[in-house]
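Working notes, structure below.
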Amino acid sequence: MSRNLYIAAMEPRSGKSVVSLGLMELLSRRLHKIGFFRPIIPDVERDNNIELIRSRYNLTIPYQDMYACRHEEARKMVGAGSYDGLLKIILAKYKALESRCDFVLCEGTDFTGVSTAFEYDFNADVANNLGCPVVAVVNGQGKSPRQVIDALGVTREFFETQGCTMVATLINRVDPQQAAPIEALIGQQPAAKEPAYVLTEEPLLTKPTVGEIAAALDSRLLQGDSDGLNRTVANIKIAAMNLPRFLDYVTEGTLIITPVDRSDVILGTLAATIAETYPNISGLLLSGGLALEARVQRLVEGFEKKSPIPIFSVDADTFTSAMKAAAVRAALTPQNDRKIAAALGLFESRVNISEIEDRISVAYSTRVTPIMFEYKLIEWARTDRQHIVLPEGDDERILRATELLLQRNAADITLLGSPKEIRQKIAALGLNLEKIPIVDPLNSELLERYTRTYYDLRKHKGISMAMARDAMSDVSFFGTMMVYEGTVAGMVSGAVHPTADTIRPALQIIRTRPGVSIVSSVFLMCLEDRVLVYGDCAVNPDPDAQQLADIAISSADTAVLYGIEPRVAMCSYSTGISGKGKDVDKVREATRLARQRRPDLKIEGPIQYDAAVDAGVAKTKMPDSEVAGQATVFIFPDLNTGNNLYKAVQRSAGAVAIGPVLQGLKKPVNDLSRGCTVTDIVNTVAITAIQAQQTK
């Protein structure tokens with residue numbers, strides 16, 4: 001079984017970082033202590049690829065332990081005839097890192113060395129000396145299908161003659177139109193020892209961002225935020241003509257460069273950013289190093305909330321600035337979640353993950369970190385992609401999460417709201433959501449049908465047809481009806497609306513599953529090394545014994561759905577038979593009812609939290625219990641206890657709390673906190689998709 005892997009590019013700009021990211025994602029889902037190592041890094045202050053992996057996967061390894069030497073140092077050693085000495089330094093640094101890790105992913109050189117032939121041999125020598133099997137990356141950009149096949153053959157022959165063990169060859173940056181012909185030709189080749197995969201060119205990854213250009217030009221940011229700096233620059237235009245003529249040359253994703261004293265261009269550009277008749281502009285670069293004229297500065301400041309494009313200035317002249325900007329190459333940076341999601345989505349859609357896993361022979365870890373669990377959610381959601389509706393389509397967090405979900409192929413999404421307003425916001429944020437379905441309940445062809453259905457469901461409550469139409473005009477009710485009718489598989493709401501606005505329509509329309517008396521919720525609590533289930537912490541203030549038993553059973557089923565073995569602790573202030581009183585008696589009766597209904601489950605109660613979670617305490621208080629000391633599902637007697645305890649653990653232990661996850665409904669609807677982050681939304685949609693898979 002291999003404990004390492006070496007990524008070797010066969011020529012410059014092969015997109016090696018995409019492969020590193022994809023493989024690291026795969027490994028991080030299975031293993032806890034993963035290392036990342038580069039034998040040689042460029043002569044820069046901080047290597048971008050190391051920083052990307054360290055940041056993305058929260059590696060605690062010191063930066064200096066993740067590489068052996070810099071390019072100039074390696075060049076001098078080779079020039080002095082100390083090639084073997086260089087390999088020994090690399091091996092020593094690698095071994096020091098390997099001793100602290102379950103697995104080490106190594107990324108080879110960037111082809112900035114003496115010659116391409118040297119780097120071929122060097123990467124093969126390093127891989128052999130470190131005992132690493134190899135993943136080779138071939139650059140398919142600009143190559144015909146026959147040229148790609150020739151390059152694949154050369155690559156396989158080279159590593160075979162070098163005695164390297166091959167895991168796979170990835171042909172990257174292929175024109176999407178050429179992917180199928182190349183795959184057909186690969187299928188016609190003699191059977192190889194390792195698979196070959198074709199990764200298509202992803203436009204988002206090939207273009208630099210405004211922030212990358214701004215950093216390369218050592219610019220000063222005059223207006224904009226971090227999200228604006230992540231806008232992709234599709235092309236660069238110098239504004240030398242007068243404004244009316246220049247505007248004819250503005251295309252999608254243009255970075256406009258103009259002297260700082262061209263007030264007409266500056267104001268015209270800002271006007272174009274809010275005009276629906278013009279393409280989206282990525283940013284505005286002002287050359288010359290002068291200050292904006294005071295009245296123009298005032299106008300620019302007035303645009304700040306209406307125009308998200310970043311504006312920055314440089315001291316250099318226009319020509320020099322344009323030349324430097326054009327020379328900036330795209331990179332996968334830790335700060336750009338959009339590019340990271342696009343890279344991972346590309347890798348996971350084009351590479352047979354199971355086949356790669358089998359060839360790496362990864363040993364599975366029993367530890368489950370928050371990052372590992374969140375990645376598993378995306379992985380599970382992708383296995384059978386579901387259609388989820390998001391009623392709060394005009395919220396910025398919802399839109400950003402939607403782009404990430406689509407890039408990762410985690411779910412199909414429909415947004416609710418005004419198409420015009422949502423499209424304007426998408427354009428203003430610079431997101432790639434041109435094809436996203438947007439439904440306006442007020443103008444939807446489904447409105448009348450949904451109104452009739454809702455009226456039929458609720459007429460026994462005395463509602464009129466007009467009242468039913470009013471209800472269906474609300475995005476939460478309309479989205480819930482989409483779930484009920486099967487138009488979509490699930491709904492996620494609550495980023496803007498209170499919890500009641502999400503739960504009330506679900507109770508009225510979707511209703512509870514047979515045999516379930518109550519809708520409840522759980523939080524998936526991701527601790528440092530495991531995931532626990534807490535319920536009910538969000539919905540029911542004071543459930544009775546029957547309802548508490550229902551919550552316990554539903555929570556156990558939810559645990560199974562997300563790969564957690566359910567060992568249910570019915571929590572109280574007393575353990576076993578020692579305590580008396582109304583509250584502990586309720587928990588005792590709930591435990592009896594739950595065991596009676598589900599004898600297959602391991603359920604213990606009443607039990608105190610310390611006895612449920614700590615093996616030492618459990619040995620004293622409940623030595624013969626199958627649950628005590630190793631509980632995974634914690635059921636609290638009331639909302640006051642559950643809500644306070646989950647927040648205490650979240651804040652004190654640094655746990656990631658995913659939820660609330662609603663359970664007990666016939667079809668999945670889930671609630672968001674109004675303070676939710678983009679990551680919270682992505683996780684909740686993935687959870688909802690997994691619930692929908694189970695429902696289906």
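The values are calculated or read from the model by the stated rules, or taken from the named source; none is laboratory data. As the structure is a prediction and not an experimental result, all values here were calculated from the model. Note: ideal-geometry Cβ built from the backbone for every residue, glycine included; neighbour counts use all protein chains shown. For the accessible areas, the whole protein counts, side chains as well, though only heavy atoms, and no ligand, DNA or RNA atoms are used. Shrake-Rupley method; radii C 1.70, N 1.55, O 1.52, S 1.80 Å.
Quick notes
- Nearest 10 degrees, 0 to 90: helix 678-695 Cα axis against the chain principal axis: 60
- Cα coordinate range in the range 249-406, projected on the principal axes (Å, largest first): 63, 39, 30
- Compared with the direct C-alpha span, the chain from VAL154 to SER652 gains 173.7 nm at full extension, assuming 0.36 nm per residue.
- For the range 517-666, a Kirkwood radius taken over Cα pairs fed into Stokes-Einstein (10 °C, viscosity 1.306 mPa s) yields D = 107 µm²/s.
- Computed magnitude of the charge dipole of the chain (debye, nearest 20; Cβ of K, R +1, Cβ of D, E -1): 1140
- Helix 582-597 vs. the chain, principal-axis angle (Cα, 0 to 90°, nearest 10): 80
- Inter-probe distance in nm under a simple model that places probes 7 Å from Cα toward Cβ, at THR60 and GLU301: 4.7
- Cα-Cα pairs of the range 458-534 separated by more than 17 Å (percent): 57
- Extents of the range 188-268, largest first, come to 64, 28, 18 Å (Cα atoms, principal axes, whole angstrom).
- FRET efficiency for the pair GLU565 and ARG674, taken as 1/(1 + (r/R0)^6) with r the Cβ-Cβ distance and R0 = 35 Å, rounds to 0.60.
- Whole-percent pair-distance distribution, where bins are 10 Å wide, for the alpha carbons of the range 111-252: 9, 27, 25, 20, 14, 5, 0
- Solvent-accessible surface ranking, highest first, for LYS95, LYS76 at 1.4 angstrom: LYS76, LYS95
- Additional length obtainable on full extension of the chain from ARG70 to LYS619, 0.36 nm per residue less Cα span: 192.2 nm
- Coupling constants for the range 402-412 follow from the phi torsions by the Karplus curve (6.51 cos²θ - 1.76 cosθ + 1.60, θ = phi - 60°), and in residue order they are 4, 4, 5, 5, 5, 5, 8, 6, 7, 6, 8 Hz; glycine and proline get x.
- Estimated translational diffusion coefficient (Stokes-Einstein, Kirkwood radius over Cα pairs, 37 °C, 0.692 mPa s) of the range 411-505: 229 µm² per second.
- Accessible area per residue for the range 255-403, computed on protein heavy atoms with a 1.4 Å probe, is 43 Å².
- Reduced Cα scattering model of the range 127-210, Debye log10 I(q)/I(0), q = 0.13, 0.18, 0.26 Å⁻¹: -0.44, -0.76, -1.25
- Looking at the range 455-501, none of the trypsin sites (Lys or Arg not before Pro) sits in a DSSP loop with at most 15 other Cβ atoms within 10 Å of its own Cβ.
- 5 Å binning of all Cα-Cα separations within the range 345-482, expressed as whole percents from 0 upward: 2, 9, 15, 15, 14, 12, 10, 9, 7, 4, 3, 1, 0
- Estimated distance in nm for a label pair at LEU446 and LYS420, the labels positioned 7 Å out from Cα along Cα-to-Cβ: 2.3
- Cross-link reach is defined here as a Cα-Cα straight distance under 20 Å, omitting same-chain residues fewer than 8 places apart; for LYS420 the lysines meeting it are LYS305, LYS306, LYS435.
- Chymotrypsin sites (Phe, Trp or Tyr not before Pro) restricted to the range 171-273 and DSSP loop, no more than 14 other C-beta within 10 Å: TYR249
- Fraction of alpha-carbon pairs over 15 Å apart in the range 33-99 - percent: 52
- Percent carbon-and-sulfur accessible area, the range 508-653, ignoring ligands, DNA and RNA, probe 1.4 Å: 49
- Computed over the range 595-634, the quotient of the alpha carbon radius of gyration and 2.2 N^0.38 Å is 1.11.
- Mean projection area, nm², convex hull over Cα of the range 603-696: 7.6
- Convex hull (Cα only) mean projected area of the range 280-355, reported in nm² to one decimal: 7.9
- Packing-based order for 169-179, 292-302, using average beta carbon neighbours within 10 Å, highest first: 169-179, 292-302
- GLU357-ALA216 FRET efficiency (beta carbon distance; Förster radius 45 Å; 0.05 resolution): 0.75
- Taking a quarter of the surface of the Cα convex hull of the range 8-149 gives a mean projected area of 8.9 nm².
- Relative counts (whole %) of C-alpha pair distances in the range 202-319, using bins that are 10 Å wide: 14, 51, 32, 2, 0
- 0 to 90° range, to nearest 10: angle between helix 263-273 axis and the chain longest Cα axis: 40
- Debye log10 I(q)/I(0) for the chain, one point scatterer per Cα, at q = 0.08, 0.09 Å⁻¹: -0.76, -0.94
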